[in-house]
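A.B. asks: This is the structure I have questions about; it appears just below.
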Amino acid sequence: MLQRVAVIGLCLGILLPRAAPAAPPDKHPSLNLEGSKKALESGDETRALSALGEIEQSQDGRAAPLIDALLVRGASTKLLMRAIEVAGVLGQPSSSSALSPYTKHRSPEVRRAAARSLAHTKGRIAIQALRDALRGSDPALRGTAAEGLGTLGAKEAVPDLFVVLPKEVPEAAAAIGVLCRGDECKRFVGLLGKLPFEVMESGFLPLLLRAGSDAPNPVKLELIEQLRRLATQKASALLQTALASYPAEGDPQIRTAIDAALHGHSVTGGER
Amino acid sequence: MTGHGALAAGCLFALCVGCSASTVNSSTAFARDWQNDSGTSIAAVVQRLRGLPLVPNARVVVGLTEAGLVGVPLEGGSRWAYPSKPSSVPSIAGNLVIFSEGDHVVALHASSGAKAWSIDSQGLLLRGAANDGTTSALVLADAHQSQFVAVSASGARLGSAQTEAALGMPAARGGIAFVPWSEQYVSALELTSGNEAGRLLTRVQVSHALNYGGELYFGQQGLMRFDDKVRFASTNQANHVSLPKVDLPGKPSWLVSGLSNAPLTANARTKIRIFAAPATAASGALTLGAGTFVASYFRVIFGLDSLSGALAWVRTLPADIVGGAAARSGFVLCDTNGKVWLTDSAGGEARTLDLGSKISQCVADMGAESVPAAAPRGPLAAQIAGALDALEPDMAEAERYLVRELGKLPDPPVTQTLIELSSSPRIPPDLRIEARRLLALRTNGTDYMLAALARHYDFVSGVLLPPPVGPLADALSASGETRAAPLLAKHLNDPANSADDVAHAARALVKLATPAEYEDLRTFFALYRATADDEALIAAVVACAEALLRVGGDAARAVVERGAQDPLTQGDVRRALPGVLSKAAPVAPPAPRAGETAGALPETPPK
């Protein structure tokens, strides 16, 4: 359930019109940038960790270059993990360059943390690093990378996501559900029945809830019809969740089709 | 034989063997009180047989099946079958195939499988048989006694002799049977009487008398020819040929002891054997046929140089090899599927025959003939690669041998094969390690190495093993191949590579790196100077610092100096860096600028 809520959140976050981002405050009186810089360069782990805590609390984007510099210089694992995390919290695109090498660190924890943060710092560098991570030897990292690529709207990664989807990277389904276009969505729906429902499930909700022409209505209707025909508890639950969370401004045809399917009616003119 | 023993043997023989009116029981054969005559008596036998035509055995393959015997004449003719429950491995003796069956010894015509004769075996099993073109010489034995019996073409018993000593495999020529015994004698027995016409004393192990194309040979570990020089065998001056000492998979034997009966049930030893035939070279010297012998290891055949033992060729068959023979040039081998493979001396497939059913083992004789040359099979490296590809992981011993042999070949494509083996999930780990060791020593095939280094682990593309970065780094570093530098630098920061491989790559970059690799080197140094957690990675970081200092100018020195000063830098790394710094000549005298702190040292790459 939590996963479903998270997926809905992801969908809505990506798909719904966004409010204009608030301009970052120019100045955070609570953060002493010079002091933070000195602490991060001190070679004193405790002092540096404390500075990172202050930066995280302030959420002052101006501190991002200080963290980037720390990452470029290198540090102990403990300090790196924290710096990577705070860089993600600050979410400055400029940090992606400093973070990306860490997706190839030999420590699994470090590289997974870097991949998570890159989903927040965004940008072309982040996307490329996550695409590379999808090709890597770390299964958990591949999952994190797939999620991140979905979050970052990396449509160019969809072919790779299709490759990894049946290879124990179920996170790729959610990303494909968010990112696919036209025939890609059709291909994705076509995998229903070929791959386990549990693998595919996380991609269906975002696909159904998406607005716009990238995810064509006929594909959505086909998906709804297939879910209806499955007639399993999980398929019905998914349709119910889709109906309950369907955006008010979403396409009425799809909403009606979901409702019809839940009442056992065919939505593609086939069997009833 | 002692007087008492001879008497006892004579009485026993009178009781057991005297059932044929024509049988003559020798009382002189196998006497133990015989004195070394320095080759006089055997020289007389040589003299007696001189000028007689050679009588080779029939060219035939005979297999043991569940239903009996099947045979295929090699000179042409139909396959035959003889329903039977043989109790001994058959022997090809002249134009006959002779074996034990129940209480009898049976002889079949080798060309047709038709029964020629059958005699009572007196409760003994056939150990070996020979034929001089007219008369057969049999050695029958059990665990306690051996008996020599001569049998006429019509099946009548002729001369015979019995002893408590174990007799070996006989040969025959011109009315004389040659019977090895006691591992050092070959008694020449009159076929008509069983009497001993001469005796050979050897200083090498002897349990087989063999007929190769009509020429006779005696021995076990090696063979001596029955010729004018055989009289000098007691002083090791006979014409002698032996196999070179080679460490082959399964430690195959050429001629196992002929002093015991060959097992009727096939076992691993049946499938791990050496097939070699002595032959006289144009120079008159005694050699092994066409300079090659073969060793079988289940379904693999190794062709080996008869002088050096070096691998000359290899091929795999679809099923395990359970018998065969060497020809004057080439080989005939049978597999458990009943298929008979005739290969030339280079392993080329000249011809195949079919015994028609599965077999447990086979015997074969090629007489004095050679297998005709077949189409060439391509370079040895490719043959080895093909064989390795065809073998299952449980053939590790053969694979190990082949990999070792592969490493000895200078051909550049060998490098490619070693790269593939180093990264192959199909072969056992220890073999992969051996392939890596050999790869590190390669001095050619550079383009294959560079192409391999260009690959990385790639889950999306299905490349699920990284290339053997460490051995490639070693080999390319040894040859000073700077084209490898950017590829090695990329591998530094690929966590799919083992720490050990990364250490080798870093070490190679100390020699090969150019300023173009600065960024990869700096990244690696930054990522691991404070997080290196094993010996290999620590060594890699230190080597990386060395490479940085060599190519990175002031910027690199600043990076390394900072690493040396930073308390967060891993202890061993930190202790090593001052040495690295002092070894590397400063690019420019340090000129600290006002207000500059250690933390503000430049990280930008050199231009």
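Where a number appears in this text, it was derived from the coordinates with a stated rule and is not lab data. All values derive from a computational prediction rather than experimental measurement. Cβ coordinates were reconstructed from backbone atoms using ideal geometry, including for glycine residues, and neighbour counts include every protein chain displayed.
A.B. asks: Which is farthest toward the positive dipole end of chain B among B:ALA282, B:VAL106, B:ALA398, measuring Cα position about the Cα centre, with Cβ charges +1 (Lys, Arg) and -1 (Asp, Glu)?
C.D. replies: Checked the options; the winner is B:ALA282.
A.B. asks: So if R0 is 56 Å, what FRET efficiency would B:ALA81 and B:LEU465 give, r being the distance between their Cβ atoms, rounded to the nearest 0.05? List each step's numbers first, then the result.
C.D. replies: Working: r = 51 Å, r/R0 = 0.91.
That gives a FRET efficiency of 0.65.
A.B. asks: Would you mind giving the mean number of other chain beta-carbons within 10 Å of the Cβ of each residue in A:99-111, as a whole number? Show your work: numbers first, answer last.
C.D. replies: Working: counts 0, 1, 8, 3, 1, 8, 5, 15, 5, 1, 0, 3, 1.
The per-residue average across the peptide is 4.
A.B. asks: Shifting gears a bit: Suppose we take every Cα in chain B and form the convex hull; what volume per residue is that in Å³? Mind showing how you got there, number by number?
C.D. replies: Details: hull volume 116.3 nm³, N = 607.
Cα convex hull per residue, to the nearest whole number: 192 Å³.
A.B. asks: Mind putting a number on the dipole of region A:113-169 about its Cα centre? Charges go on the C-beta only, +1 for Lys and Arg and -1 for Asp and Glu, and I need it in Debye to the nearest 20.
C.D. replies: Working: 8 positive and 6 negative charges, 30 e Å.
Computed about the Cα centre, the dipole is about 140 debye.
A.B. asks: Considering the options A:THR144, A:LEU243, A:HIS263, tell which one lies farthest towards the positive end of the dipole of chain A, charges being +1 on Lys and Arg and -1 on Asp and Glu at the Cβ, about the Cα centre.
C.D. replies: A:THR144
A.B. asks: How long is the gain from B:ASP389 to B:ALA67 if the chain were fully straight, where each residue apart is worth 0.36 nm and the alpha carbon distance is subtracted?
C.D. replies: So the extension gain works out to 112.4 nm.
A.B. asks: Please list, by residue number, everything in region B:274-294 whose backbone N is under 14 Å from a paramagnetic label point 7 Å out along Cα→Cβ of B:ALA310.
C.D. replies: Residues B:292 fall inside that zone.
A.B. asks: Still on this model: Using 0.36 nm per residue, how much length does the chain from A:ASP44 to A:ALA237 gain when fully extended, once their Cα-Cα distance is taken away? Don't skip to the answer; put the middle values down first.
C.D. replies: On the way: separation 193, 0.36 × 193 = 69.48 nm, distance 5.31 nm.
Contour length minus the Cα-Cα distance gives 64.2 nm.
A.B. asks: Let me ask something else about it. With axes computed from alpha carbons, what is the tilt in degrees of helix B:412-422 against the longest principal axis of chain B, rounded to the nearest 10 within 0 to 90?
C.D. replies: It is inclined by approximately 80 degrees.
A.B. asks: How fast does region A:186-270 diffuse by Stokes-Einstein, in µm²/s, taking the Kirkwood radius from C-alpha pairs at 25 °C and 0.890 mPa s?
C.D. replies: Values: Rh = 12.6 Å.
In µm²/s, the coefficient rounds to 194.
A.B. asks: With +1 on each Lys and Arg Cβ and -1 on each Asp and Glu Cβ, and nothing else charged, work out how big the dipole of region B:330-380 is about its Cα centre, in Debye to the nearest 20. List each step's numbers first, then the result.
C.D. replies: Numbers: 4 positive and 6 negative charges, 31 e Å.
Computed charge dipole of region B:330-380: roughly 140 debye.
A.B. asks: Follow-up. Of B:THR134, B:ALA374, A:SER42, which is farthest on the positive side of the dipole of the protein assembly as shown, counting Cα position, with +1 on Lys and Arg Cβ, -1 on Asp and Glu Cβ, and the Cα centre as origin?
C.D. replies: So the residue furthest toward the plus end is A:SER42.
A.B. asks: As an exercise, identify the GluC sites (Glu not before Pro) in region A:207-272 lying in DSSP coil whose Cβ has no more than 15 other Cβ atoms within 10 Å.
C.D. replies: A:GLU249, A:GLU271
A.B. asks: Quick one: angle between helix B:380-390 and the longest Cα principal axis of chain B, in degrees between 0 and 90, rounded to 10, please.
C.D. replies: With rounding to tens, the tilt is 90 degrees.
A.B. asks: Once R0 is set to 25 Å, what does the formula 1/(1 + (r/R0)^6) return for the Cβ-Cβ distance between A:LEU262 and A:LYS186, expressed as a FRET efficiency to the nearest 0.05? Numbers along the way, then the final one.
C.D. replies: Numbers: r = 23 Å, r/R0 = 0.92.
After rounding to 0.05, the efficiency reads 0.65.
A.B. asks: May I pose another question? Got a sec? Which residues in region B:150-189 would a label at B:ALA143 touch, if it sits 7 Å along Cα→Cβ and we count backbone N under 18 Å?
C.D. replies: Counting backbone N atoms under 18 Å from the label point, the list is B:164-167.
A.B. asks: I'd like the orientation of helix A:217-230 relative to chain A: the angle between its Cα long axis and the longest Cα principal axis, in ° from 0 to 90, rounded to 10.
C.D. replies: 70
A.B. asks: When Cβ neighbours within 10 Å are restricted to other protein chains, what is their mean count per residue of peptide B:492-505? Mind showing how you got there, number by number?
C.D. replies: On the way: counts 1, 4, 5, 12, 6, 2, 1, 1, 0, 0, 1, 0, 0, 0.
The per-residue average across the peptide is 2.
A.B. asks: Counting alpha carbon pairs within less than 8 Å and at least 6 residues apart, what relative contact order, in whole percent, applies to region A:140-185? Could the numbers behind the result be given before it?
C.D. replies: Numbers: 45 pairs, mean separation 20.6, N = 46.
Taking the mean separation of contacting Cα pairs over the length of region A:140-185, I get 45 percent.
A.B. asks: With +1 assigned to the C-beta of every Lys and Arg and -1 to the C-beta of every Asp and Glu, and no other charges, what is the dipole magnitude of the protein assembly as shown about the Cα centre in debye, to the nearest 20?
C.D. replies: Working: 83 positive and 84 negative charges, 120 e Å.
Around 580 debye, computed over the protein assembly as shown.
A.B. asks: Which entries of A:LYS78/B:LYS490; A:LYS155/A:LYS194; A:LYS155/B:LYS490; A:LYS167/A:LYS220; B:LYS245/B:LYS358; B:LYS229/B:LYS339 show an alpha-carbon separation above 31 angstrom in the structure shown?
C.D. replies: Numbers: A:LYS78/B:LYS490 26 Å; A:LYS155/A:LYS194 23 Å; A:LYS155/B:LYS490 27 Å; A:LYS167/A:LYS220 25 Å; B:LYS245/B:LYS358 34 Å; B:LYS229/B:LYS339 40 Å.
Too far apart for the 31 Å limit: B:LYS245/B:LYS358; B:LYS229/B:LYS339.
A.B. asks: Hey, how much of the P(r) for the protein assembly as shown falls beyond 45 Å, as a percent of Cα pairs? Before the final figure, lay out the partial values.
C.D. replies: On the way: 206929 of 385881 pairs.
In whole percent, the long-distance tail amounts to 54.
A.B. asks: Using only DSSP helix segments of four residues or longer, with each worth -39500 (n - 2.57), what per-residue ellipticity at 222 nm results for chain B after dividing by its residue count and rounding to 500?
C.D. replies: Details: 15 runs with 169 residues, N = 607.
That comes out to -8500 deg cm²/dmol.
A.B. asks: Between region B:287-347 and region B:411-442, what is the C-alpha centre distance in whole Å?
C.D. replies: Here the answer is 26 Å between Cα centres.
A.B. asks: If you count, for each residue, the other Cβ atoms within 10 Å and average over each peptide, how do B:545-551, B:577-583 line up from highest to lowest? Before the final figure, lay out each step's value.
C.D. replies: Details: B:545-551: 25.4, B:577-583: 15.3.
Per-residue mean Cβ counts within 10 Å order the peptides as B:545-551, B:577-583.
A.B. asks: Calculated from DSSP H runs of 4 or more alone, at -39500 (n - 2.57) each and per residue, what is the 222 nm mean residue ellipticity of chain A, nearest 500? Provide the component values of the computation, followed by the final result.
C.D. replies: Details: 16 runs with 176 residues, N = 272.
Taking each H run of at least 4 residues, the total per residue is -19500 deg cm²/dmol.
A.B. asks: Just counting partner chain Cβ atoms within 10 Å, what average do the residues of peptide B:59-65 show around their Cβ? Walk me through the intermediate numbers first.
C.D. replies: Values: counts 0, 0, 0, 0, 0, 0, 0.
Across B:59-65, the average partner-chain Cβ count within 10 Å equals 0.
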